[in-house]
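A.B. asks: Dumping the structure here so I can ask a few things about it.
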Amino acid sequence: MKTVGYAAHSADTPLALFEFERRELRNNDVAMEVLYCGVCHSDLHTARNDWGGTLYPIVPGHEIVGRVTQVGAGVSKFRVGDHVAVGCMVDSCQHCDQCDEGHEQFCREGLVGTYSGLDRITGDATQGGYAKHLIVREEFVLSIPEGLDLSRVAPLLCAGITTYSPLRTWNIQHGSRVAVIGLGGLGHMAVKLAAGMGAHVTVLGRTDAKAVDAKALGAHEFIVSADPAAMSAAQSRFDLIIDTVPVEHDLTPYLPLLDVDGTLTLVGQIGGIPQTTSVPLIMGRRRVAGSLIGGIRETQEMLEFCAKRNILPECEMIRMDEINEAFERMERSDVHYRFVIDMSSLSADARKAA
């Protein structure tokens with residue numbers, strides 16, 4: 001299938017209009033027109049090869065909302081016209097212990113990323129949702145529940161599940177005490193989801209600049225992490241701390257805030273962890289852990305939860321041709337709180353280029 005999208009052709013060139021071929025529809029595939037695509041910091045990192053291994057040209061985008069246009073002969077769960085979603089992965093082995101348990105993100109043979117991955121059958125590089133069309137294996141397509149605003153669903157497919165999964169893993173429920181470090185795209189979803197589960201939610205920030213926003217999003221408290229008195233008063237207060245900071249930083253100030261058997265889970269940082277003292281870990285049987293998105297079953301559960309609680313991200317809608325400016329603004333943390341591309345604007349770009 002011939003389609004059009006926006007791609008980076010190298011680490012130091014802006015994204016630009018790109019015509020390319022999607023694979024032919026397989027027996028178990030779902031084809032869709034992309035309606036909306038969220039903009040994730042991972043898109044920026046991959047386009048600029050910050051983590052290495054980017055396969056150029058690269059069409060980013062792994063927070064995808066679409067409408068089904070065609071299904072393979074073996075597809076049973078979806079029909080033409082259905083509103084569907086696709087997240088950070090589009091395939092896995094489907095037979096290892098992790099896949100059997102619904103944790104495809106930990107597939108023993110490796111998940112296939114929505115972009116910059118390798119198709120398990122052809123070996124071709126996968127291309128993401130900054131495009132007019134997408135073809136995905138049925139098992140990795142999600143149903144969008146009735147009632148959710150389609151224009152705001154996309155960030156749930158990464159920012160939503162990335163923060164929902166640790167809340168479920170560590171059994172957050174009514175009365176649990178949750179802290180969130182950082183109030184960006186991930187952090188604001190962590191606040192909304194934890195509050196929706198009935199937890200008492202506290203946001204930790206370096207200054208009080210986002211204190212009002214935190215309360216508006218559902219947080220009960222805001223603590224300035226640079227205030228020694230406030231941090232001392234918060235010792236042993238939390239069952240779970242979700243750390244959404246995307247850059248290397250010191251964990252030492254936060255560990256004493258955990259209660260006995262409490263967990264600090266990293267969801268934002270990819271890179272080194274600065275050396276820290278083991279004393280608060282040993283003295284409180286505390287843990288530092290990591291968490292990576294969620295499996296397909298858990299992601300569908302998250303979408304149903306958000307529909308039931310009317311939880312949606314705060315979004316700023318942009319046109320496809322504004323993506324390079326959006327990347328620059330993301331680098332400055334100038335987004336409230338997630339960019340979403342209206343993919344109907346891509347059709348206009350393609351007509352102008354024709």
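Read-outs: derived from the displayed coordinates by stated rules, not from any lab. All values derive from a computational prediction rather than experimental measurement. Quick reminder, even Gly has a Cβ in these numbers, built from the backbone with ideal geometry, and neighbours come from all protein chains shown.
A.B. asks: Counting every Cα pair in the stretch 1-130, what percent are over 22 Å apart? Before the final figure, lay out each step's value.
C.D. replies: Working: 3198 of 8385 pairs.
Value for the stretch 1-130 (Cα pairs over 22 Å): 38 percent.
A.B. asks: Near the amide H of His62, under 5 Å away, which other amide H atoms are found, from residues 5 or more places off or on another chain, if H is placed in the peptide plane?
C.D. replies: Amide H neighbours of His62, under 5 Å, 5+ apart: Cys40, Gly129.
A.B. asks: Within the chain, how many Lys pairs that are eight or more residues apart, or on different chains, come under 19 Å at the alpha-carbon? The partial results should precede the final answer.
C.D. replies: Values: Lys2/Lys132; Lys2/Lys352; Lys132/Lys352; Lys192/Lys210; Lys192/Lys215; Lys192/Lys308.
For the chain, qualifying lysine pairs total 6.
A.B. asks: Treating the beta-carbon of each Lys and Arg as +1 and of each Asp and Glu as -1, no other charges, what is the dipole magnitude of the stretch 158-288 about its Cα centre, to the nearest 20 debye? Spell out each step's value before the answer.
C.D. replies: Numbers: 10 positive and 10 negative charges, 52 e Å.
Roughly 260 debye for the stretch 158-288.
A.B. asks: Here's a follow-up. Run the helix sum for the chain: -39,500 (n - 2.57) per DSSP H stretch of 4+ residues, divided by residue count, reported at 222 nm to the nearest 500 deg cm²/dmol. Write down the numbers at each step before the final one.
C.D. replies: Values: 11 runs with 90 residues, N = 354.
So the helix-based figure for the chain works out to -7000 deg cm²/dmol.
A.B. asks: A further question follows. Where does helix 344-353 land angle-wise versus the long Cα axis of the chain, in degrees 0 to 90, nearest 10?
C.D. replies: Taking the Cα atoms of the chain, the angle to 344-353 is about 50 degrees.
A.B. asks: Sticking with this structure for a sec: What dipole magnitude, in Debye to the nearest 20, does the chain give about its Cα centre under +1 on Lys/Arg Cβ and -1 on Asp/Glu Cβ? Present the calculation step by step, with values, prior to reporting the outcome.
C.D. replies: On the way: 32 positive and 45 negative charges, 95 e Å.
Roughly 460 debye, rounded to the nearest 20.
A.B. asks: So how many Å³ per residue does the convex hull of the Cα atoms of the stretch 158-288 work out to?
C.D. replies: On the way: hull volume 12.5 nm³, N = 131.
Given the Cα convex hull of the stretch 158-288, per-residue volume reads 95 Å³.
A.B. asks: Using Cα springs under 10 Å in a Gaussian network model of the chain, which residue among Ser165, Ser42, Ser333 shows the largest mean-square fluctuation?
C.D. replies: Ser333
A.B. asks: Which one, Ser151, Gly113, Gly128, is farthest towards the positive end of the dipole of the chain when Lys and Arg carry +1 and Asp and Glu -1 on their Cβ?
C.D. replies: Value: Ser151.
A.B. asks: Picking from Leu255, Leu217, Val279, whose Cα lies most toward the positive end of the charge dipole for the stretch 158-288 (charges on Cβ: Lys, Arg +1; Asp, Glu -1)?
C.D. replies: Projecting each Cα onto the dipole axis, the largest value belongs to Leu217.
A.B. asks: With θ taken as phi - 60° and the coefficients 6.51, -1.76 and 1.60, list the Karplus ³J(HN,Hα) couplings across the stretch 86-96 in order, rounded to whole Hz; mark glycine and proline as x.
C.D. replies: 9, x, 7, 9, 10, 5, 7, 5, 6, 9, 7
A.B. asks: For the stretch 63-171, count all C-alpha to C-alpha pairs, find those more than 25 Å apart, and express that count as a whole percent of the total.
C.D. replies: Details: 1250 of 5886 pairs.
Every Cα pair in the stretch 63-171 considered, those over 25 Å come to 21 percent.
A.B. asks: Sticking with this structure for a sec: Which residue fluctuates most in the GNM of the chain (Cα springs below 10 Å): Val136, Val203, Val80?
C.D. replies: Val80
A.B. asks: Then there's this: I'd like the distance between the alpha-carbon centres of the stretch 224-254 and the stretch 136-181, rounded to an integer number of Å.
C.D. replies: Result: 24 Å between the Cα centres.
A.B. asks: Report the net charge of residues surrounding Arg23, where surrounding means a beta-carbon distance below 9 angstrom and charges are Lys +1, Arg +1, Asp -1, Glu -1.
C.D. replies: Numbers: positive: Arg22, Arg26; negative: Glu21, Glu24, Asp29, Asp119, Asp124.
Local charge sum for Arg23: -3.
A.B. asks: Here's something else I'd like to know. Could you give each residue of the stretch 330-337 its phi-based ³J(HN,Hα) in whole Hz, using Karplus coefficients 6.51, -1.76, 1.60 with θ = phi - 60°, and x for Gly or Pro?
C.D. replies: 4, 4, 8, 6, 9, 8, 10, 10
A.B. asks: Scan the chain and hand back the longest stretch that contains none of the GluC sites (Glu not before Pro) lying in DSSP loops with at most 15 other Cβ atoms within 10 Å. Could you put the intermediate results ahead of the total?
C.D. replies: Working: sites that count: Glu24, Glu101, Glu109, Glu146, Glu248.
Result for the longest clean stretch: 249-354.
A.B. asks: Shifting gears a bit: May I ask for the angle, rounded to the nearest 10°, between helix 185-196 and the longest principal axis of the chain, with both axes built from Cα atoms and the value confined to 0 to 90°?
C.D. replies: Here the helix axis deviates by roughly 70 degrees.
A.B. asks: List, largest first, the extents of the alpha carbons of the chain along their principal axes, each in whole Å.
C.D. replies: Largest to smallest, the principal-axis extents are 62, 41, 38 Å.
A.B. asks: Work out from phi, with θ = phi - 60° and the Karplus expression 6.51 cos²θ - 1.76 cosθ + 1.60, the ³J(HN,Hα) of each residue of the stretch 246-258, listed in order in whole Hz, and give x for Gly and Pro.
C.D. replies: x, 10, 4, 7, 7, 8, 3, x, 8, 4, x, 6, 6
A.B. asks: List the residues, sorted by chain then number, that are 5 or more residues from Ala179 or on another chain and whose placed amide H is less than 5 Å from its amide H.
C.D. replies: Thr202, Leu240, Ile241, Ile242
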